[in-house]
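Beneath this line is the structure, given in structure tokens, with notes to follow.
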Amino acid sequence: MQPSLTKLRKFFRLEAERQYDNGAVMGGMEKMLRGWEAEARAEDVNEPLINAVVTQLRNYEELEPEYRAEALKNVWLRVKRETGEEPIENGKKNRPSDRAERTQFISVKERPVSERDQPAPRKTPKTAPSKTLTPKPAPRKAKPMDRPKIEGAPAALSAPTTVLKGVGPANAALLENLGILTLGDMLYHFPRRYDDYSQLIPIRQLKFGQEVTVIGEVKSVHSKPGRKGHTEVIINDGTAALRLFWFNQPWIAKNFSEGEQVVASGKVDQYLGRFTIGNPEWEPLDQEQLHTNRIVPVYPLTAKLRQRWLRTLMNKVVSHWAPRVPDPLPAKLIAAADVLPLSETLLQAHFPDSQEQLAAARVRLAFEEIFIMQLAVLQQKRIWQGQPGRRFAAPAGWLDAQLAKLPFSLTNAQSQSLADLFKDVDSGRLMNRLLQGDVGSGKTVVAALCMALVAKDGAQSALMAPTAILAEQHYMNLSKLLTTSGAIAPSEIRLLVGSTSSEDKEDIRVGLADGSIKVVVGTHALIEDPVIFSELELIVIDEQHRFGVGQRGALRAKGTNPHLLVMTATPIPRSLALTLYGDLDLSVIGELPPGRQEISTYILLPHERERAYNFIRKETEAGRQAFIIYPLIEQGDAEEVKAAVAEHKRLQKDVFPELRVGLLHGRMSAEEKDKSMARFRDGKTQVLVSTTVIEVGVDVPNASVMLIEGANRFGLAQLHQLRGRVGRGTAQSYCILVPQNDDAAENERLKALVESNDGFLLAEKDLQQRGPGQFLGSAQAGFNDFRLASLTDARLIDKARRHAEDLLAGDPDLNQPEHRALAAAILHHGRGGKGDIS
């Protein structure tokens with residue numbers, strides 16, 4: 001395991017021991033994340049894993065302890081799948097038991113007594129490697145690899161690895177650390193990379209830095225013992241001689257004899273003017289070349305496992321069993337989609353004959369992953385469309401009367417989206433729709449009019465937002481829209497958040513239970529057990545990727561088949577929308593209301609910061625306000641990045657002594673956050689120093705300047721969201737990006753932000769640059785689990801969806817014999833047409 005992942009494990013263990021108080025690292029988990037991300041990238045930790053960690057922990061400080069525990073659990077499960085690491089339970093490795101399925105990060109005092117103070121299991125005595133094919137029970141340490149379940153696969157694929165010659169209990173335990181418990185697991189333990197030694201080159205034609213394979217006759221063998229010892233073998237192919245050497249491996253010399261022919265592969269280096277290859281892979285010429293003279297697979301390993309041993313073992317299993325694995329994709333689909341059969345795919349994915357065959361195998365595996373996911377979401381969509389929903393029809397003239405009471409006219413995109421919603425709720429089936437619109441596009445008014453229609457018929461609506469600040473803003477906007485139009489009385493809409501007083505909470509619960517409250521806006525407080533609705537018929541979830549599947553399901557359970565509208569201001573690229581929200585109908589508000597001016601964006605170098613301060617003074621003198629955003633709350637000893645708390649004091653004292661400067665960050669209590677935001681919204685503070693806690697939803701029309709410090713540390717989608725906090729009034733607004741240093745000013749993300757205000761275009765670029773992590777919350781369970789598929793591959797996603805639609809058109813329930821394996825694969829992934837995918 002790379003050092004960065006080991007460090008992550010240490011932080012997580014300490015955080016669990018501290019009861020998730022965000023104190024495991026000085027400055028909190030967010031501060032740790034900044035340095036960790038750079039360290040992980042430097043160690044070549046795979047990009048999807050980095051994105052998953054960053055996404056899950058980005059808002060850690062804002063979470064309640066129970067949700068922090070869930071976030072850490074989800075992150076470590078992902079790390080464990082990638083590395084084969086065992087789950088962690090309060091800083092200790094789990095003992096072999098079914099607790100591997102339980103939450104990793106729970107405190108000791110929360111564990112049942114029966115699970116504490118257990119004697120340590122006895123160590124399994126070492127035995128000689130098995131020489132027979134008799135199955136032996138493998139020691140259970142880790143959760144099995146999450147490989148596709150293939151209907152009709154030979155039973156032998158479920159046999160433990162100990163049936164293999166040379167795999168005894170000790171080696172089986174090492175394989176288990178990689179998630180390999182059975183022969184079937186081995187088929188899906190894919191290489192992490194490939195070294196291409198397929199091109200034989202005469203020694204005379206070698207060039208420095210090449211990855212090559214050479215054949216030569218052993219001319220001499222020398223071994224120098226000792227701590228700094230090495231083994232040197234000189235080979236010659238008739239064109240020139242080449243020096244091969246190994247450090248601290250004296251036993252290597254015994255494998256070479258002068259005069260024999262060998263094949264060696266590795267990277268060409270130079271020593272004292274002569275070419276060398278250090279620590280090469282090698283084989284005698286007369287045996288099958290598995291480690292040289294080909295595209296060589298390099299597998300993920302764990303401590304005490306050697307690459308050469310594992311590669312040899314994998315070759316035996318793959319060569320024998322890959323041709324015997326049944327293909328879950330029917331032959332007609334394989335031909336139509338022009339992909340390889342599964343047996344050939346597995347062979348080429350492990351031991352490819354060429355780069356072209358390797359690429360074809362990876363395409364087939366990626367296609368299968370996305371295809372099964374598309375089948376699942378399309379089946380889910382069909383089930384939704386088949387469920388009855390209460391009808392809400394707008395009488396003639398009712399909508400026109402409501403629109404006439406608005407202080408503005410709807411844009412064409414808003415009108416079309418509203419028509420989509422009204423058609424859904426009047427269809428007799430459940431609405432299940434995603435309303436997507438850039439920041440400031442006017443999604444709230446569309447949702448409000450749908451709530452008004454539901455309230456007209458005496459039913460209830462609930463809007464759930466991820467933060468108290470955003471919930472309060474929605475409450476204020478909806479109150480204004482719904483009460484001034486006469487759709488509901490002021491007493492019929494209430495706000496329910498964590499800081500709501502006990503007396504008010506009880507009052508709201510009574511009103512929801514007896515139906516006197518028609519609209520409630522809140523946070524996760526809405527899903528608490530005491531909250532009971534009389535007639536909940538419409539659920540609106542804002543920034544829904546910030547909620548987990550369980551939280552959304554809990555709110556749905558408060559009603560009987562309620563209509564569902566989910567909203568997001570994060571522009572989602574089409575390829576992601578088809579996958580993340582493939583079971584939802586989609587409405588897009590792609591234009592801003594008239595009068596909104598485009599935000600002007602500029603990059604300033606750090607030494608030009610005073611220009612930004614002067615500009616802020618000028619804007620505040622004109623009666624406007626400004627945000628100043630920092631990536632950290634507090635600055636650590638090793639941090640060069642400016643942080644909000646210290647900079648707030650400096651700005652108030654030294655830069656803006658004549659202005660009132662507010663502070664807002666995630667470690668403040670909900671009451672403190674609300675008070676700080678309210679003072680800024682009401683104009684009592686002219687400048688607000690904040691972290692990204694204001695990223696989503698805060699609406700201050702008078703704010704005209706967004707200054708982002710350390711801008712190179714933010715993702716493109718996040719920068720666009722922050723920029724969207726200004727430009728919400730009629731005044732020209734500005735976004736000023738100040739990178740961490742002069743070199744960072746060349747950052748491609750910053751340049752893209754300067755060049756475009758189009759959130760959808762920027763989202764596509766962010767997807768290409770950083771992957772899908774920033775679009776995935778804990779909400780999208782399973783979408784981070786793809787082994788080879790990429791959510792950036794729009795062409796493959798389109799292809800998979802098209803073939804999934806064609807197949808379901810002829811067999812919607814997958815009942816035909818040739819489709820049963822696909823149905824089993826969907827069930828294996830926990831979809832089964834019953835889950836809450838989006």
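Write out the GluC sites (Glu not before Pro) in the range 13-55 meeting two conditions: DSSP loop, and at most 12 other Cβ atoms within 10 Å of their Cβ.
In loop regions of the range 13-55 (DSSP not H, G, I, E or B), the sparsely surrounded GluC sites (Glu not before Pro) are Glu43.
To check my understanding: the extent here is largest minus smallest coordinate of the Cα atoms along each principal axis. What are those three numbers for the range 610-732, in Å, largest first?
The principal-axis extents, from largest down, are 41, 32, 32 Å.
Report the percentage of all Cα-Cα pairs in the range 409-461 whose separation exceeds 19 Å, rounded to a whole percent.
Distances greater than 19 Å cover 25 percent of the Cα pairs.
What are the equivalent ellipsoid semi-axes of the range 273-370, built from the alpha-carbon gyration tensor (square roots of five times its eigenvalues), in whole angstrom, biggest first?
Sorted largest first and rounded, they come to 31, 15, 13 Å.
Work out how far the C-alpha atoms of the range 236-321 reach from end to end along every principal axis, then list the three figures in whole Å, largest first.
Its Cα atoms span 46, 29, 25 Å along the three principal axes.
Return the long-range amide H neighbours of Thr213 (sequence gap of 5 or more, or a different chain), with a cut-off of under 5 Å between placed amide H atoms.
Gln199, Ile201
For a test of the definition: using alpha carbon positions, the gyration tensor, and the 1.5 limit on a/c, classify the range 329-415 as rounded, prolate or oblate.
The shape class here is prolate.
Give me the one-decimal Kirkwood hydrodynamic radius in Å for the range 356-475, with the sum taken over alpha-carbon pairs.
Evaluated on the range 356-475, it is 17.4 Å.
Heavy atoms only, 1.4 Å probe, whole protein assembly: order Tyr475, Tyr60 by accessible area, highest first.
Descending accessible area places them as Tyr475, Tyr60.
How do Arg78, Arg509 stack up against each other in accessible area, from largest to smallest, with a 1.4 angstrom probe? Numbers along the way, then the final one.
Details: Arg78 15, Arg509 50 Å².
The most accessible residue leads, giving Arg509, Arg78.
For the range 354-436, which trypsin sites (Lys or Arg not before Pro) are both in a DSSP coil and crowded by at most 15 other Cβ atoms within 10 Å?
Counting only loop positions with at most 15 other Cβ atoms within 10 Å, the trypsin sites (Lys or Arg not before Pro) in the range 354-436 are Arg391, Lys405.
Note down the magnitude of the dipole of the range 420-545 about its Cα centre, charges +1 on Lys and Arg C-beta and -1 on Asp and Glu C-beta and zero elsewhere, to the nearest 20 debye.
Dipole magnitude for the range 420-545 comes out near 340 debye.
How would you rank 714-723, 663-672, 301-310, highest first, on the average number of other Cβ atoms within 10 Å across their residues?
Ranking, from highest mean packing down: 714-723, 663-672, 301-310.
Highest mean first, what order results for 246-259, 699-712 on Cβ atoms within 10 Å? Working shown, then result.
On the way: 246-259: 13.6, 699-712: 22.2.
The most tightly packed comes first, giving 699-712, 246-259.
How much area per residue is accessible in the range 218-260 when the probe is 1.4 Å and only protein heavy atoms are counted (Å²)?
Per-residue accessible area for the range 218-260 comes out at 61 Å².
For the range 558-614, list log₁₀ I(q)/I(0) at each q in 0.16 Å⁻¹, using the Debye formula over Cα point scatterers of equal strength and ignoring solvent, two decimals each.
Taken in order of the listed q values, log10 I(q)/I(0) reads -0.79.
The values are calculated or read from the model by the stated rules, or taken from the named source; none is laboratory data. Quick caveat, the model's predicted, so the values are computed rather than measured. Cβ coordinates were reconstructed from backbone atoms using ideal geometry, including for glycine residues, and neighbour counts include every protein chain displayed. For the accessible areas, the whole protein counts, side chains as well, though only heavy atoms, and no ligand, DNA or RNA atoms are used. Shrake-Rupley method; radii C 1.70, N 1.55, O 1.52, S 1.80 Å.
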